[in-house]
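Written out below as structure tokens is the structure these notes cover.
The values are calculated or read from the model by the stated rules, or taken from the named source; none is laboratory data. Bear in mind that the values here come from a model prediction, so they are computed numbers and not experimental data. For neighbour counting, all protein chains shown are included, and Cβ atoms are generated from backbone atoms with ideal geometry for every residue, glycine included.
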């Protein structure tokens, strides 16, 4: 057979298939897709961070800190790329790697909602408040649940089973 060789030894004859060691790029899988479900955002965000760290730890810095002094247009392209230093060119290339991963990971509807698409930091920052919520939003939701709980009483014609499971009065809380 072509590409195979026979090796004999104490264990008998074995067919050996050569391995191409020139291909060193690790397959880390594809970027996790965000489906727009607020309940799954934290899961997606964690997977996205892991994916980025697996590619290059500097990408996470770019996502969190931005691109520094690079001048980008509204679509993330460099304004005058020829004047960049080698370090700026490296930053620009890494920025597009993280920005491209982010664009692939979010639905088109989310992308079109974003007002600032110039850099990955701005894009990611616009996603987080929509799905995680600000501190005030979380506090308001918690206060609303406390208020609903305080008003929660069993009706005269209602069984315990019906009260908890049939007509859920707390739609934001999942009962397992």
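Might you check whether a residue that is under 30 Å from residue 138 (Cα atoms), in contact with a helix residue (DSSP H, G or I) (Cβ under 8 Å, 6 or more places away or on another chain) and assigned to a loop (DSSP other than H, G, I, E, B) occurs anywhere in segment 91-106?
Narrowing segment 91-106 to residues under 30 Å from residue 138 (Cα atoms): 98-99, 101-106.
Cutting the leftovers down to in contact with a helix residue (DSSP H, G or I) (Cβ under 8 Å, 6 or more places away or on another chain) gives us 98-99, 101-103, 105-106.
Pick out the ones that are also assigned to a loop (DSSP other than H, G, I, E, B) and you get 106.
Yes.
For (1) surrounded by 12 or more Cβ atoms within 10 Å (Cβ to Cβ); (2) touching a strand residue (DSSP E or B) at 6+ places or on another chain (Cβ under 6 Å); (3) closer than 18 Å to residue 61 by Cβ, each residue gets a yes or a no:
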residue: 88; (1), (2), (3): yes, no, yes
residue: 94; (1), (2), (3): yes, no, yes
residue: 107; (1), (2), (3): yes, no, no
residue: 112; (1), (2), (3): no, no, no
residue: 130; (1), (2), (3): yes, no, no
residue: 142; (1), (2), (3): no, no, no
residue: 145; (1), (2), (3): yes, no, no
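Would you confirm, using the coordinates I've provided, whether residue 149 is assigned to a helix (DSSP H, G or I) and at pLDDT below 75? First the steps, then the outcome.
Details: assigned to a helix (DSSP H, G or I): yes; at pLDDT below 75: no.
Considered against the rule, which asks whether it is assigned to a helix (DSSP H, G or I) and at pLDDT below 75, residue 149 comes out as no.
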